[in-house]
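**Student:** Dumping the structure here so I can ask a few things about it.
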Amino acid sequence: MSDLRSDVIILGAGLVGCALAVALAQGGVTSILVDPADPAAIRDAGFDGRASAISSASWRMFGATGVATRFAGHANPIARIEVGDGGARGLLAFQPDLEKDGPLGLMVENRHLRLGLREAAEAADGVTLLMPAAPAAIERDAHGVTVTLADGRTLRAALLIGAEGRRSPTRERAGIPVARWEYRHRAIIGMLDHEAAHGDVAHELFYPAGPFALLPMAGGRRSALVWTVAEADAPAMLSLTPRAFLAEAEKRMGGMLGHLSLAAPLSSYPLGFHHAGRIVDQRLALVGDAAHGVHPIAGQGLNLGFRDAAALAEVLVDGVRLGLDPGDAQLLARYGRWRSLDTFLVALATDGFTRLFGIPGRAAHRVRSLGLGVVERVEPLKAFFMAEARGESGELPKLLRGEAL
Ligand SMILES: Cc1cc2nc3c(=O)[nH]c(=O)nc-3n(C[C@H](O)[C@H](O)[C@H](O)COP(=O)(O)OP(=O)(O)OC[C@H]3O[C@@H](n4cnc5c(N)ncnc54)[C@H](O)[C@@H]3O)c2cc1C
């Protein structure tokens, strides 16, 4: 069996793994991208029914790496976010100056993102995509990395990157500790067609059982639903007839978008938190959900992964231009320092937010209303939250500033 060589091996051709391979290729760093999933499965409508809120900083990275055009036609801007608690609407609204600052982010269905990023990786010079291909053995030592695939092929590189999602076998094998807890909540995901136009507005409505979010999708009369329910209630919710389910959804929405219908089958995801104790090891770096996973309440999980990809690509490209080995311990330490604090702070804030907004009862409702009211009135606080939504806090990697590597 033949040997393949490259600067890095990326395990996981998900959204973050592909975005990283494309960014590295732009800076002349070669990669082999390995994923055991069937590449054809991505085209099934039911493969990943989710949609993601892409922050404007992540979108700038898509522009700088030339992939934005692959799914721009499927993107819808988020021009305003309205927040309510239970029946109380309009407690807080985030509305940027669109002319000056652009939208808060863009909504895109995951299947369009997956296909666009995968095709961009496949087309990039210096990326070898092996899919389906399963890693059977991995060796890392002071001199390099060797991955033996189940079909016997051997891959060699200077650095291994784990981008295999929340259950990352590479992270486990490296013995990296993970802080992890479950929220005992499930996100019910659906796509709703509605009579009234959404006007590019996203709604976050907080109910004691969990948040209910509607996110504006392309076409003007379709919104992505992310409805968080207690784990124990999810089977009953999912077994409702479409009519009964939509009646429940309409109750939460108070008729604001008119008559509803389901545009795609419902699906559900367990919700938890995890954070790796470190994101680098000897000739190893972790990115995306392999490194951290947060509640989707603030739409930050994937954006954190794109920030990892942008930061790691910048560190490696700079290092290789200086003549360093991509697995150099000092380069990896720089990536570790750059990303650890940012991901930890976002994880902490999202977890606190999830708990505060999940507490039932009138007293908790009053505290939340007070907090939302304060943010509504204090302009610097509002500006801070808008910067977070845009993914513009902290030290931004070049790609997230829209600059090429
Ligand atoms: C309900 C819900 C809604 C969300 N909404 C948002 C949102 O609006 N905005 C946002 O920013 N984030 C959101 N997120 C989070 C986001 O979906 C994840 O952060 C993101 O999918 C992580 O991408 P990833 O590439 O790291 O991992 P994944 O997408 O999990 O990809 C991992 C890849 O690794 C492959 N793999 C697995 N094992 C191996 C192996 N042994 N070797 C090689 N490859 C392997 C898999 O086949 C897969 O292709 C949401 C999450 C949930 C649950």
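**Student:** If you rank 186, 5, 43 by fewest surrounding Cβ atoms within 10 Å, what's the result?
**Tutor:** Fewest-to-most Cβ neighbours within 10 Å comes out as 43, 5, 186.
**Student:** Counting Lys +1, Arg +1, Asp -1, Glu -1, what net charge surrounds residue 258 among other residues with beta carbon under 11 Å of its beta carbon?
**Tutor:** Counting the neighbours of residue 258, the net charge comes to -2.
**Student:** With both bridge residues required to lie in the chain, what share of the DSSP beta bridges run antiparallel, to the nearest 5%?
**Tutor:** About 70 percent, rounded to the nearest 5.
**Student:** Kindly point out which whole DSSP H helices in the chain project their C-alpha atoms 27 angstrom or further along the helix axis while averaging a Kyte-Doolittle hydropathy of -1.0 or above.
**Tutor:** Long hydrophobic helices here: 301-321, 329-358.
**Student:** If you don't mind, another one. Tell me the relative contact order for the chain as a rounded percent, counting alpha carbon contacts under 8 Å between residues six or more apart.
**Tutor:** 23
**Student:** Further, regarding this structure: Considering only the other residues whose Cβ falls under 11 Å of the Cβ of residue 3, what net charge follows from Lys and Arg at +1 and Asp and Glu at -1?
**Tutor:** +3
**Student:** OK, next. Dividing the alpha-carbon radius of gyration of segment 1-72 by 2.2 N^0.38 Å (N being the number of residues), what value is obtained?
**Tutor:** Computed over Cα atoms of segment 1-72, the ratio equals 1.27.
**Student:** Okay, moving on. Taking the highest mean first, how do the peptides 300-308, 215-223 order by number of other beta carbon atoms within 10 angstrom per residue?
**Tutor:** Averaged packing, sorted descending, gives the order 300-308, 215-223.
**Student:** Please report, in whole Å, how far the alpha carbons of the chain spread along each principal axis, starting with the longest.
**Tutor:** Principal-axis extents of the chain (Cα, largest first): 61, 45, 38 Å.
All of the numbers you see were taken from the coordinates with simple rules; none came from a lab. Just so it is clear, the model here is predicted, and its values are computed rather than measured. FYI the Cβ positions are ideal-geometry reconstructions off the backbone, even for glycines, and counts take in every protein chain you see.
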